[in-house]
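Here's the structure, in structure tokens; my notes come after.
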Amino acid sequence: GPSERQHLAASRAGGVGHLQKCREAPRSNLGAGKITNMLPRRVTAKLQQSLSEFPVTALLGPRQVGKTTLARLVASGMPPDKAVYLDLELPSDLAKLAEPELYLQGHHDRLVVIDEVQRVPELFPLLRALVDQDRRPGRFLLLGSASPELSRFGAESLAGRIIFHELAPFTLDETGNG
């Protein structure tokens, strides 16, 4: 099998090589189908706990580390009509936020997963206002790049309403070779 060095190299590259099977599933259908061949991630339980305690949970990390796949896994444990997914890289999903307040209020009873949230930083003040109207936990799961700007802006706009988690590339123990 692959050496420890190869596992580490694959981990640093975000899951390439023999870890290819763990790459993100298609983004367009968050709750559809079963996620198979996914290696367990240490952050999964923390993420689920945060969703039960905080109105906004953010999962940040570099591209291709599995943020979308992990969000799909978490949402797949919910009833099918209790989660909605927006990928802000898709023009069709971005268009849904042409009037973001109307759209998000229309899904007030669901977990709204917003992928690539760093593309629309003007959402943060609106999220703050919506959370202030209803502080129920598990309202928003934000996925995005682990940029200092995003962390700072989110922390400032959503202080006391958000918890951040970072998803790094696979560790050796997550691949079962540590």
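For residue 85, the residues whose modelled amide H falls within less than 5 Å of its own, excluding neighbours fewer than 5 places apart on the same chain, are 113.
Excluding ligands, DNA and RNA, what is the solvent-accessible area per residue of the range 72-137 at a probe of 1.4 Å, expressed in Å²?
Details: 3340 Å² over 66 residues.
Spelled out: the 1.4 Å probe surface of the range 72-137, per residue, equals 51 Å².
Each residue, residue 48 and residue 81, gets one label point 7 Å from its Cα in the Cβ direction; the gap between the two is 2.4 nm.
The values are calculated or read from the model by the stated rules, or taken from the named source; none is laboratory data. Being a predicted model, the structure only gives us computed values, none of them experimental. Here the Cβ is made from the backbone with ideal geometry for all residues, glycine too, and neighbour counts use every protein chain on show. Ligands, DNA and RNA are excluded from the accessible area calculation, which covers all protein heavy atoms including side chains. Shrake-Rupley method; radii C 1.70, N 1.55, O 1.52, S 1.80 Å.
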